[in-house]
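Encoded as C-alpha coordinates, the structure appears first; notes follow it.
The values are calculated or read from the model by the stated rules, or taken from the named source; none is laboratory data. Not measured: the values here are computed from a predicted model. Glycine also receives a Cβ, built like all others from the backbone with ideal geometry; neighbour counts cover every protein chain displayed. Please note that ligands, DNA and RNA were not included when accessible areas were found on the heavy atoms of the full protein model with its side chains. Shrake-Rupley method; radii C 1.70, N 1.55, O 1.52, S 1.80 Å.
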Amino acid sequence: ILDYMVNGKWKTDIKQTRKQELWKLAKESQGDVDVSHKIGGLLIYNQLIDECLKDIIEYSIYYIKAEIWPASFALKVDFERKTFGQNIELFKQYATIEPNRELLIEYLVRFNKKRNQVVHNLFVEDMQKLKDEINEHLIFADEIVCLLVEYDNSICEKFVDLSERVEFELLMDE
(Lines give C-alpha, C1' and ligand atoms only; values in the text may rest on other atoms or scores of the structure.)
Protein backbone atom coordinates (compact mmCIF):
# COMPACT_ATOMS: atom_id res chain seq x y z
CA ILE A 1 0.00 0.00 0.00
CA LEU A 2 2.84 2.39 0.80
CA ASP A 3 4.34 1.89 -2.64
CA TYR A 4 0.93 2.33 -4.27
CA MET A 5 0.29 5.59 -2.41
CA VAL A 6 3.80 7.06 -2.65
CA ASN A 7 4.04 6.40 -6.37
CA GLY A 8 0.46 7.54 -6.97
CA LYS A 9 -0.35 4.48 -9.06
CA TRP A 10 -4.01 5.49 -9.20
CA LYS A 11 -2.93 8.51 -11.28
CA THR A 12 -1.58 6.44 -14.14
CA ASP A 13 -3.88 4.42 -16.35
CA ILE A 14 -1.66 2.49 -18.75
CA LYS A 15 -4.74 1.66 -20.82
CA GLN A 16 -5.91 5.28 -21.10
CA THR A 17 -4.87 5.76 -24.73
CA ARG A 18 -6.49 2.51 -25.80
CA LYS A 19 -9.67 3.34 -23.92
CA GLN A 20 -9.87 6.71 -25.65
CA GLU A 21 -9.28 5.14 -29.08
CA LEU A 22 -11.97 2.54 -28.50
CA TRP A 23 -14.40 5.10 -27.12
CA LYS A 24 -13.91 7.18 -30.25
CA LEU A 25 -14.56 4.15 -32.47
CA ALA A 26 -17.65 3.23 -30.50
CA LYS A 27 -19.00 6.79 -30.75
CA GLU A 28 -18.40 6.82 -34.50
CA SER A 29 -20.54 3.71 -34.86
CA GLN A 30 -23.57 5.72 -33.72
CA GLY A 31 -23.61 7.69 -36.96
CA ASP A 32 -22.77 4.78 -39.23
CA VAL A 33 -25.46 3.38 -41.50
CA ASP A 34 -23.98 -0.12 -41.62
CA VAL A 35 -25.59 -2.41 -39.05
CA SER A 36 -22.37 -4.44 -38.73
CA HIS A 37 -20.52 -1.30 -37.62
CA LYS A 38 -23.26 -0.61 -35.08
CA ILE A 39 -22.95 -4.16 -33.71
CA GLY A 40 -19.19 -3.65 -33.54
CA GLY A 41 -19.73 -0.36 -31.70
CA LEU A 42 -22.01 -2.05 -29.20
CA LEU A 43 -19.41 -4.75 -28.53
CA ILE A 44 -16.67 -2.13 -28.19
CA TYR A 45 -18.80 -0.24 -25.68
CA ASN A 46 -19.38 -3.47 -23.79
CA GLN A 47 -15.65 -4.16 -23.53
CA LEU A 48 -14.87 -0.54 -22.66
CA ILE A 49 -17.48 -0.51 -19.89
CA ASP A 50 -16.21 -3.86 -18.61
CA GLU A 51 -12.62 -2.58 -18.51
CA CYS A 52 -13.71 0.58 -16.67
CA LEU A 53 -15.60 -1.55 -14.15
CA LYS A 54 -12.52 -3.66 -13.48
CA ASP A 55 -10.39 -0.56 -12.96
CA ILE A 56 -12.91 0.98 -10.57
CA ILE A 57 -13.14 -2.25 -8.57
CA GLU A 58 -9.36 -2.47 -8.36
CA TYR A 59 -8.97 1.22 -7.41
CA SER A 60 -11.69 0.83 -4.80
CA ILE A 61 -9.99 -2.14 -3.20
CA TYR A 62 -6.67 -0.27 -3.06
CA TYR A 63 -8.38 2.80 -1.66
CA ILE A 64 -10.06 0.81 1.11
CA LYS A 65 -6.74 -0.85 1.94
CA ALA A 66 -4.97 2.52 2.00
CA GLU A 67 -7.69 4.08 4.14
CA ILE A 68 -7.34 1.44 6.87
CA TRP A 69 -3.56 1.11 6.58
CA PRO A 70 -1.52 0.00 8.58
CA ALA A 71 -4.21 -2.55 9.32
CA SER A 72 -4.53 -4.91 6.41
CA PHE A 73 -6.75 -7.54 4.92
CA ALA A 74 -6.29 -9.97 2.09
CA LEU A 75 -8.50 -9.07 -0.82
CA LYS A 76 -7.70 -9.55 -4.45
CA VAL A 77 -10.28 -9.97 -7.14
CA ASP A 78 -9.47 -12.30 -10.01
CA PHE A 79 -11.11 -11.03 -13.19
CA GLU A 80 -10.04 -14.07 -15.20
CA ARG A 81 -13.05 -15.67 -16.87
CA LYS A 82 -15.53 -13.28 -15.26
CA THR A 83 -18.55 -12.39 -17.35
CA PHE A 84 -19.77 -8.84 -17.72
CA GLY A 85 -22.66 -9.64 -15.37
CA GLN A 86 -20.26 -11.04 -12.78
CA ASN A 87 -18.17 -7.88 -12.99
CA ILE A 88 -21.30 -5.83 -12.34
CA GLU A 89 -21.83 -7.91 -9.20
CA LEU A 90 -18.20 -7.30 -8.15
CA PHE A 91 -18.76 -3.59 -8.70
CA LYS A 92 -21.81 -3.71 -6.43
CA GLN A 93 -19.78 -5.52 -3.79
CA TYR A 94 -16.45 -3.67 -3.86
CA ALA A 95 -16.76 -0.24 -5.49
CA THR A 96 -16.48 2.65 -3.08
CA ILE A 97 -19.59 4.71 -2.53
CA GLU A 98 -19.54 7.59 -5.01
CA PRO A 99 -22.17 9.93 -6.42
CA ASN A 100 -24.54 8.27 -8.91
CA ARG A 101 -23.60 4.78 -7.68
CA GLU A 102 -27.17 3.47 -7.62
CA LEU A 103 -27.98 5.06 -10.97
CA LEU A 104 -24.86 3.54 -12.48
CA ILE A 105 -25.71 0.09 -11.13
CA GLU A 106 -29.21 0.38 -12.56
CA TYR A 107 -27.79 1.43 -15.95
CA LEU A 108 -25.21 -1.36 -15.98
CA VAL A 109 -27.81 -4.03 -15.26
CA ARG A 110 -30.13 -2.57 -17.90
CA PHE A 111 -27.33 -2.34 -20.48
CA ASN A 112 -26.28 -5.94 -19.87
CA LYS A 113 -29.85 -7.17 -20.27
CA LYS A 114 -30.43 -5.16 -23.45
CA ARG A 115 -27.06 -6.14 -24.95
CA ASN A 116 -27.90 -9.80 -24.37
CA GLN A 117 -31.27 -9.31 -26.03
CA VAL A 118 -29.70 -7.64 -29.07
CA VAL A 119 -27.10 -10.36 -29.49
CA HIS A 120 -29.66 -13.13 -29.10
CA ASN A 121 -32.04 -11.46 -31.55
CA LEU A 122 -29.55 -11.07 -34.41
CA PHE A 123 -31.44 -13.69 -36.41
CA VAL A 124 -34.91 -12.77 -35.22
CA GLU A 125 -35.22 -9.02 -35.78
CA ASP A 126 -35.41 -7.41 -39.21
CA MET A 127 -32.29 -5.36 -39.93
CA GLN A 128 -33.90 -1.93 -39.67
CA LYS A 129 -35.47 -2.73 -36.31
CA LEU A 130 -32.16 -4.18 -35.12
CA LYS A 131 -30.31 -1.06 -36.28
CA ASP A 132 -32.77 1.21 -34.47
CA GLU A 133 -32.53 -0.86 -31.30
CA ILE A 134 -28.74 -0.85 -31.38
CA ASN A 135 -28.73 2.93 -31.92
CA GLU A 136 -30.61 3.37 -28.63
CA HIS A 137 -28.11 1.11 -26.85
CA LEU A 138 -25.13 2.96 -28.30
CA ILE A 139 -26.36 6.27 -26.91
CA PHE A 140 -27.12 4.62 -23.58
CA ALA A 141 -23.70 2.96 -23.49
CA ASP A 142 -22.01 6.29 -24.10
CA GLU A 143 -23.85 7.73 -21.11
CA ILE A 144 -22.63 4.81 -18.99
CA VAL A 145 -19.03 5.40 -20.03
CA CYS A 146 -19.37 9.06 -19.04
CA LEU A 147 -20.72 8.02 -15.63
CA LEU A 148 -17.87 5.54 -15.19
CA VAL A 149 -15.29 8.21 -16.00
CA GLU A 150 -16.89 10.48 -13.38
CA TYR A 151 -16.88 7.60 -10.90
CA ASP A 152 -13.22 6.89 -11.58
CA ASN A 153 -12.36 10.57 -11.13
CA SER A 154 -14.24 10.62 -7.84
CA ILE A 155 -12.15 7.73 -6.52
CA CYS A 156 -8.97 9.48 -7.66
CA GLU A 157 -10.06 12.57 -5.71
CA LYS A 158 -10.37 10.35 -2.64
CA PHE A 159 -6.81 9.14 -3.21
CA VAL A 160 -5.59 12.74 -3.48
CA ASP A 161 -7.39 13.65 -0.27
CA LEU A 162 -5.98 10.62 1.52
CA SER A 163 -2.45 11.34 0.31
CA GLU A 164 -2.80 14.88 1.68
CA ARG A 165 -4.03 13.62 5.07
CA VAL A 166 -1.41 10.90 5.48
CA GLU A 167 2.25 11.44 4.64
CA PHE A 168 2.92 8.03 3.14
CA GLU A 169 6.36 9.16 1.92
CA LEU A 170 7.56 9.62 5.50
CA LEU A 171 6.22 6.21 6.44
CA MET A 172 8.30 4.55 3.71
CA ASP A 173 11.49 5.58 5.50
CA GLU A 174 10.45 3.99 8.78
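Table for the structure above
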item	result
nm² value of the averaged projected area, convex hull over the Cα atoms of the chain	10.8 nm²
Residue among 6, 72, 137 farthest towards the positive dipole end of the chain, charges placed on Cβ	137
Mean Cα-pair separation over length for the chain, i.e. relative contact order, pairs under 8 Å, 6 or more apart, %	35 percent
Rounded to the nearest 10 Å², the accessible area of residue 146 at probe 1.4 Å	50 Å²
Under 18 Å from the Cα of residue 129 - aspartates and glutamates, other chains or at least 8 residues apart	32, 34
Exposure ranking of 77, 119 by accessible area [1.4 Å probe, largest first]	119, 77
Per-residue SASA entry for residue 83, accessible area with 1.4 Å probe, Å² rounded to 10	70 Å²
Point-charge dipole on Cβ atoms (K/R +1, D/E -1) for region 1-97, about Cα centre, debye to 20	120 debye
Vicinal HN-Hα couplings computed from phi for region 42-50 (Karplus, 6.51 cos²θ - 1.76 cosθ + 1.60; Hz; Gly/Pro x)	4, 5, 5, 4, 4, 5, 5, 4, 4
Estimated dipole of region 82-174 in Debye, rounded to 20 [Cβ of Lys and Arg +1, of Asp and Glu -1, Cα centre]	740 debye
Helix-only CD estimate at 222 nm, as mean residue ellipticity for the chain, using -39500 (n - 2.57) per DSSP H run (n ≥ 4)	-25000 deg cm²/dmol
Solvent-accessible ranking of 120, 137, largest area first, probe 1.4 Å	120, 137
Over 23 Å between alpha carbons, listed pairs 15/54; 65/158; 38/82	38/82
Cβ-based charge dipole, the chain, positive-most Cα from 168, 61, 112	112
J(HN,Hα) series, region 156-168, from Karplus relation 6.51 cos²θ - 1.76 cosθ + 1.60, nearest Hz, glycine and proline x	4, 4, 5, 4, 4, 4, 5, 5, 7, 7, 10, 8, 4
Average Cα contact separation per residue, region 1-51, under 8 Å, 6 or more apart, as relative contact order %	31 percent
163, 60, ranked by accessible area, largest first (probe 1.4 Å)	163, 60
Mean projected area in nm² (Cα convex hull; one quarter of hull surface) for region 60-159	7.4 nm²
Residue-by-residue Karplus 3J(HN,Hα) for region 58-66, coefficients 6.51, -1.76, 1.60, Hz, glycine and proline x	5, 4, 4, 4, 5, 5, 4, 5, 5
Total charge dipole magnitude, the chain, about the Cα centre, Cβ charges on Lys, Arg, Asp, Glu only, Debye to nearest 20	560 debye
Å² per residue, accessible surface of the chain at 1.4 Å	58 Å²
